[in-house]
Amino acid sequence: MSEYIYEVKNIKKYFPIMEGFIKKRKVNDVKAVDDVSFNVKRGETIGIVGESGCGKSTLAKNLMMIQKPTGGVVEFQTEDGMKDITKFSKKELFDFRRQVQMVFQDPYSALNPMKKIIDSFNEPLKLHGISDEEGRLNIMEDMMKLVNLQPEYLYRYPNEFSGGQRQRICIARALLVKPEVLVLDEPVSALDVSIQAQVLNILLEIQKKMSLTYLFIAHDLSIVEYVSDKIIVMYLGQIMEIAKATDLYKNPVHPYTQALVSAIPLPTVEKKSKRIILEGDVPSPINKPSGCPFHTRCKYCMEKCKKEKPQLLEIEDSHSVACWLNNK
Ligand code: SF4
């Protein structure tokens, strides 16, 4: 049995750009995810970070088969060993969808305002044929307790809850079918800062209790630092750096990661480090820069960076970087 729950190899997701009124023809691609490879161990948390449009949410959708990758292989640990999810049969895909659940950024739109929580919870349990009526009620009550909410709240409507409570309800709903992986797409970004830590703590507690694997997507490095074992930094659909969380914060190597780390507020005034301000905007994923995708904003840019793309290379144990400064 592989130590990994996911093995992602050279995954790509391109969206074609079509032109023409009567006869459509493809003129280009939006390369949302472009040749990304990494592994995920069972029980660990992988943080996936980058600015808006870097491809992190598209990557998550591909790992869940909400969108099918254009190329590459996404292997997932099944009872019969590692299997490529892009080649799953209907039955395998149905089982896979139970094992990998998602929590969305906006807890307000994630719950149907017309349905009581108990009705929203019953749906996935019935869909997957889990238990009888009494058994389902027990599961629902247990999940409410797990996220520190009273079981009586099952009989209320979403508009009777605060943002933090709604997000805890969304987490409970994702856990009903006993998944192995939770994909958390910016799960605390829409919440007040005071509530964010509360929800993150609940997620950490649940992970321990249920031995879950988390894929935690965020645009803010300070949030993933708190929860992640390993962090992937993405830029224009590609991985710039991947490292253990502690290494990444202590020793960010890629110039883009250095800029992101410098933007994290520090708890003490004395220890203030100089913030690196990135010039310009993220280039369009339709016309990506040649060579290193970051070269248009990098203060260390060399001639070589404009022409040749650096490969993601391991510079020390579990720490890989795609930059010519470390890849001569
Ligand atoms: Fe900067 Fe060149 Fe490294 Fe890209 S490869 S991050 S442009 S130094």
- Query: Cα-Cα over 28 Å: which of Lys12/Lys230; Lys9/Lys306; Lys87/Lys145; Lys230/Lys309; Lys56/Lys115?
  - Reply: Lys87/Lys145; Lys56/Lys115
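Hey, got a sec? Which GluC sites (Glu not before Pro) in segment 18-112 land in a DSSP loop and have at most 13 other Cβ atoms within 10 Å? Don't jump to the answer; show the numbers that get you there.
Details: sites: Glu19, Glu44, Glu51, Glu75, Glu79, Glu92; in loops: Glu44, Glu51, Glu79.
Counting only loop positions with at most 13 other Cβ atoms within 10 Å, the GluC sites (Glu not before Pro) in segment 18-112 are Glu79.
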- Message: Under a Cβ-only charge scheme (Lys and Arg +1, Asp and Glu -1), can you give me the dipole magnitude of the chain about the Cα centre, in debye to the nearest 20?
- Response: 1080
- Query: When the Kirkwood radius is taken over all Cα pairs of segment 273-319, what Stokes-Einstein diffusion coefficient follows at 4 °C and 1.567 mPa s, in µm²/s?
  - Reply: 104
- Please list, in chain and number order, the residues 5+ apart from Val103 or on another chain whose amide H is under 5 Å from its amide H, with Hs placed from the backbone. Val183, Leu184, Asp185
- If all Cα-Cα distances of segment 230-317 are sorted into 5 Å bins from 0 onward, what percent lands in each bin, rounded to whole numbers? 3, 13, 22, 24, 19, 12, 5, 2, 0
- From the residues Tyr4, Ile286, Ile206, which one has its Cα farthest along the dipole of the chain in the positive direction, the dipole being from +1 and -1 charges on Cβ of Lys/Arg and Asp/Glu about the Cα centre? Ile286
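Give me Asp95, Asp35 ranked fewest to most by other Cβ atoms within 10 Å of their Cβ, as a rough exposure proxy.
On the way: Asp95 14, Asp35 17.
Ranked by crowding around the Cβ, least crowded first: Asp95, Asp35.
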- Query: Cα centroid distance between segment 279-295 and segment 194-235, in Å?
  - Reply: 28
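Taking only the Cα atoms of segment 108-153, how large is their convex hull per residue, in Å³? Walk me through the numbers on the way to the answer.
Working: hull volume 3.9 nm³, N = 46.
With only Cα atoms used, segment 108-153 gives 84 Å³ per residue.
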- Quick one: which residues, 5+ away or cross-chain, put their amide H under 5 Å from the amide H of Val33? H built at 1.01 Å from N. Lys13
- chymotrypsin sites (Phe, Trp or Tyr not before Pro) lying in DSSP loop within segment 1-98, provided at most 15 other Cβ fall within 10 Å: Phe21
- Message: Can you tell me, using C-alpha contacts under 8 Å and at least 6 residues apart, the relative contact order of the chain as a whole percent?
- Response: 19
- Query: Over all directions, what mean area does the Cα convex hull of segment 161-221 project, stated in square nanometres?
  - Reply: 4.1
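Segment 13-76: D in µm²/s via Stokes-Einstein (Kirkwood Rh, Cα pairs, 20 °C, 1.002 mPa s)?
Values: Rh = 13.7 Å.
Approximately 157 µm²/s, per Stokes-Einstein.
What order do you get for Val49, Val253, Val27 when you list them from fewest to most C-beta neighbours inside 10 Å?
Working: Val49 26, Val253 19, Val27 11.
The fewest-first ordering by Cβ neighbours comes to Val27, Val253, Val49.
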- Message: Taking every DSSP beta bridge with both residues inside the chain, roughly what % is antiparallel (nearest 5)?
- Response: 65
- Summarise the long-distance tail of P(r) for segment 1-155 by giving the % of C-alpha pairs beyond 21 Å. 60
- Item | Mean shadow area of segment 180-281 over all directions, Cα convex hull, nm² | 7.7
- How big is segment 131-185 on each of its three principal axes, counting only the C-alpha atoms and giving the largest first in Å? 30, 27, 16
- Message: Under the rule of at least 5 residues apart or a separate chain, name every residue whose amide H is placed under 5 Å from the amide H of Tyr108.
- Response: none
- Low-density loop trypsin sites (Lys or Arg not before Pro), segment 5-110, at most 16 other Cβ within 10 Å, DSSP non-H/G/I/E/B, are Lys23, Lys24, Arg42
- In whole Å, largest first, the alpha carbons of segment 56-114 cover along the principal axes 39, 23, 16
- Expressed as an acute angle from 0 to 90° and rounded to the nearest 10, what is the orientation of the C-alpha long axis of helix 90-99 relative to the principal long axis of the chain? 90
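I'm a student and want to see the number: the projected area of the Cα convex hull of the chain, averaged over all directions, in nm².
On the way: hull surface 81.1 nm².
Computed as one quarter of the Cα hull surface, the answer is 20.3 nm².
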- Residue-by-residue Karplus 3J(HN,Hα) for segment 317-326, coefficients 6.51, -1.76, 1.60, Hz, glycine and proline x: 3, 6, 10, 10, 9, 10, 7, 5, 5, 10
- Task: Note down the nm distance, to one decimal, between modelled labels 7 Å out along Cα→Cβ at Asn148 and at Met302.
- Result: 5.1
- Task: Among Met302, Val74, Leu154, pick out the residue whose Cα is farthest towards the positive end of the charge dipole of the chain, where Lys and Arg carry +1 and Asp and Glu carry -1 on C-beta, about the Cα centre.
- Result: Met302
- Using the 10 angstrom Cβ neighbour count as an exposure proxy, how do Ile48, Ile223 rank, fewest first? Ile223, Ile48
- Note on the structure: The extension gain from Glu123 to Val193, computed as 0.36 nm times the residue separation minus the Cα-Cα distance, is 22.0 nm
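Taken together, the values in this text are just the output of simple stated rules run on the coordinates, not laboratory data. The structure presented is a predicted model; accordingly, all values stated were derived computationally and were not measured. Note that we place each Cβ from the backbone using ideal geometry, even for glycine, and neighbour counts take in every protein chain shown.
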